[in-house]
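The next block holds one structure in the form of structure tokens; read it before the comments.
The values are calculated or read from the model by the stated rules, or taken from the named source; none is laboratory data. Please read these numbers as outputs of a predicted model, since none were measured by experiment. Cβ: placed from backbone, ideal geometry, glycine included. Neighbour counts: every protein chain shown. Calculation scope for accessible area: heavy atoms of the full protein, side chains included, ligands and nucleic acids excluded. Shrake-Rupley method; radii C 1.70, N 1.55, O 1.52, S 1.80 Å.
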Amino acid sequence: MANLTEDRVTDELASQAMFNSDPIAAATQVYKGAMAGLDAAGNIVPAAPATPVMRGVVTEGVDNSGGIAGALNVSTKKGVFRFNQTGLDRTNIGEDVFVVDDNTVGAAGTLVAGRLEQIDAAGAWVKIA
């Protein structure tokens, strides 16, 4: 898979109704429905294996590709969401799954996306807490 290039409808099973608002990194665009994390400076970036902290799912896309860090804020939320998956099956339910890119999770990696709650033909349901 690859990072998003447009907003996506990320199916949601359950919301924890926990929202965050954080500054976006310089020269960065995030899309609605993408997983997002915090970089080393505490700014929102699209989630990637090297991102230090998982933050949540972007609620509205924000384009700061021409701006400095903190010029705009991004809202994210936590809950149970369906993402694309690679290498997962029902034996992984209850385990941590990892960020592959901003809309895909897998069985191994460095940044925990959340816990696998369910898996179906359309993807993996992940609890981001």
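Which of Gly33, Gly87, Gly70 ends up with the largest GNM mean-square fluctuation for the chain, with Cα atoms connected below 10 Å? Ranking Gly33, Gly87, Gly70 by mean-square fluctuation puts Gly87 first.
Which whole-number percentage describes the relative contact order of region 1-77, with Cα contacts under 8 Å and a sequence gap of 6 or more?
Once normalised by length, the contact order is 36 percent.
Each part reduced to its alpha carbon centroid, region 63-129 and region 16-37 end up 13 Å apart. Here the Gaussian network model covers the chain, with springs between Cα atoms less than 10 Å apart; of Ala27, Ala47, Ala69, Ala27 fluctuates the most. In the full protein context, the chain carries 47 Å² of accessible surface per residue, based on a 1.4 Å probe and ignoring ligands, DNA and RNA. Using a 7 Å offset from the Cα along the Cα-to-Cβ direction at both Val53 and Thr91, what is the distance between the two label points in nm, to one decimal? My value for the distance between the label points is 3.6 nm. Evaluated with a Cβ-only charge set (Lys, Arg +1; Asp, Glu -1), the chain carries a dipole of roughly 240 debye about its Cα centre, given to the nearest 20.
If you take the Cα atoms of region 1-84, find Rg, then find the Kirkwood Rh from the mean of 1/r over all pairs, what is Rg/Rh? Result: Rg/Rh = 0.94. Across the accessible surface of region 4-129, with the other protein chains kept in place and a 1.4 Å probe, carbon and sulfur atoms take up 52 percent. Which of rounded, prolate or oblate describes region 26-129 when judged by the alpha-carbon gyration tensor and an a/c cut-off of 1.5? Prolate. Taking the charge dipole of the chain about its Cα centre, with +1 at Lys and Arg Cβ atoms and -1 at Asp and Glu Cβ atoms, the residue from Asn3, Met18, Gly70 reaching farthest to the positive side is Met18. The string of couplings for region 122-129 from the Karplus curve (6.51, -1.76, 1.60, θ = phi - 60°) is 8, x, 10, 8, 10, 8, 9, 10 Hz, one whole number per residue in order, with x for Gly and Pro.
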